[in-house]
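What follows is a set of notes on a single structure, which appears directly below.
The values are calculated or read from the model by the stated rules, or taken from the named source; none is laboratory data. This is a predicted model, so every value here is computed, not measured. Reconstructed Cβ throughout: ideal geometry from the backbone, glycine too, with neighbour counts over all protein chains shown.
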């Protein structure tokens with residue numbers, strides 16, 4: 001059986017190509033720069049502040065200059081992103097790297113994930129200690145290295161002006177058809193965190209639906225799509241059983257968007273509302289299609305450009321700007 | 001980047017003669033592609049380098065605008 005590799009990268013304030021980013025936000029309510037985020041490398045940090053009377057939505061400096069995503073409700077566990085969700089297709093989580101800058105002094109506690117940090121988790125129903133023998137394992141020995149599970153963690157490998165830094169790296173083999181990135185917040189208010197993450201998994205080689213979707217709004221509500229192909233945040237690693245089924249479902253639901261379908265049997269890439277000009281070289285190199293067929297040319301080039309922009313942003317190819 | 005298309009003038013650049021017979025170069029203006037396990041001669045509308053590969057554009061039997069990978073033309 002042939003497998004493909006899926007790689008997702010997340011840049012939320014920090015970025016993997018920045019060695020020691022000084023990213024932090026000010027969450028001291030007495031400070032004159034309250035709500036300001038500094039040294040944002042890429043994307044936006046997360047800021048939780050529920051008091052919309054004192055701090056109306058949109059009033060924080062980081063909201064004004066678009067350097068944070070503000071949440072006005074607390075959460076125990078906040079699902080930040082679905083990395084992938086495959087129905088009827090198996091996938092194997094193989095590796096992740098996760099770095100977080102956070103207002104919490106001990107972002108990862110005894111059971112690895114405590115407060116103010118995202119974590120990579122299979123879904124549903126498996127907690128953060130899925131890779132450790134017990135919840136209290138290595139409770140007092142942070143940072144830890146567990147050679148059996150191949151988990152490595154660092155506390156404050158470098159310092160930032162405010163808050164703390166933690167890094168976790170894990171590699172192994174875990175069969176998980178759905179993996180999410182979830183923030184452990186423990187219902188705390190007035191916290192912030194910035195993070196970057198790289199997640200690698202393997203999945204059965206199959207026809208692919210190549211369309212960047214929003215999991216909650218574009219994908220999850222449509223049973224037709226979930227029956228035809230799986231979801232991945234990359235917009236590429238979305239395997240289905242049959243290329244024609246994928247094409248039929250996408251034509252039905254997204255007739256006005258741009259998308260592509262890769263038939264891994266015929267090695268043909270089908271384009272819809274796209275032309276060859278919009279297919280990036282890195283995607284050609286990844287798929288190596290023998291043929292590319294245009295099902296429908298774009299009547300509006302902005303539709304095709306939006307597809308390309310979204311793919312490029314979700315699949316950064318270079319080491320940084 | 002070098003162009004994957006063959007030189008248009010038949011320079012004698014690739015000896016030796018002991019090698020297996022080289023495929024005949026396609027007629028002027030045509031490109032030979034490998035499709036459904038057969039060699040097919042097409043008249044390309046254009047060619048394009050994409051990533052590591054060169055593709056030729058033509059209208060396929062199904063009426064769709066199609067780009068097909070171009071192998072070395074011999």
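Quick look at the values:
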quantity: Hits in segment A:34-47 (condition: part of a strand (DSSP E or B) and buried (at least 20 other Cβ atoms within 10 Å of the Cβ)); calculated: A:37, A:42, A:45, A:46, A:47
quantity: Near pairs, Cβ below 6 angstrom, 6+ apart or cross-chain, from segment A:174-188 (assigned by TED's automatic domain parsing to the domain that holds residue A:93) to any residue that is buried (at least 22 other Cβ atoms within 10 Å of the Cβ) and not in a strand (DSSP E or B); calculated: A:177/A:86; A:184/A:113
quantity: Segment A:16-33, residues that are out of contact with any strand residue (DSSP E or B) (no Cβ under 9 Å at 6 or more places or on another chain) and either within 13 Å of residue A:196 (Cα to Cα) or crowded, with 16+ Cβ neighbours inside 10 Å (or both); calculated: A:19
quantity: Qualifying residues in segment B:33-46 (those that are within 11 Å of chain A (Cβ to nearest Cβ) and within 11 Å of the chain's Cα centre (by Cα)) - the one surrounded by the most Cβ atoms within 10 Å (Cβ to Cβ); calculated: B:33
quantity: Candidate set from segment A:48-84 (those that are in contact (Cβ under 8 Å) with a residue 60 or more places away in the chain and touching a helix residue (DSSP H, G or I) at 6+ places or on another chain (Cβ under 6 Å)); member that is surrounded by the fewest Cβ atoms within 10 Å (Cβ to Cβ); calculated: A:82
quantity: Residue in segment A:293-309 that is facing chain B (nearest Cβ under 9 Å), in contact with a helix residue (DSSP H, G or I) (Cβ under 8 Å, 6 or more places away or on another chain) and part of a helix (DSSP H, G or I) present; calculated: no
quantity: Criterion: closer than 23 Å to residue B:57 by Cα and in contact with a helix residue (DSSP H, G or I) (Cβ under 7 Å, 6 or more places away or on another chain) - qualifying residue of A:265, A:279, A:233, A:261; calculated: A:261
quantity: Pairs where the first residue, in segment A:308-321, is at pLDDT below 80 and the second is buried (at least 16 other Cβ atoms within 10 Å of the Cβ), C-beta under 6 Å, 6+ apart; calculated: A:319/A:17; A:320/A:17
quantity: Segment B:48-69: number of residues that are facing chain A (nearest Cβ under 7 Å) and touching a helix residue (DSSP H, G or I) at 6+ places or on another chain (Cβ under 8 Å); calculated: 7
quantity: Condition met for residue A:255 (within 14 Å of another protein chain (Cβ to nearest Cβ) and not in a helix (DSSP H, G or I)); calculated: no
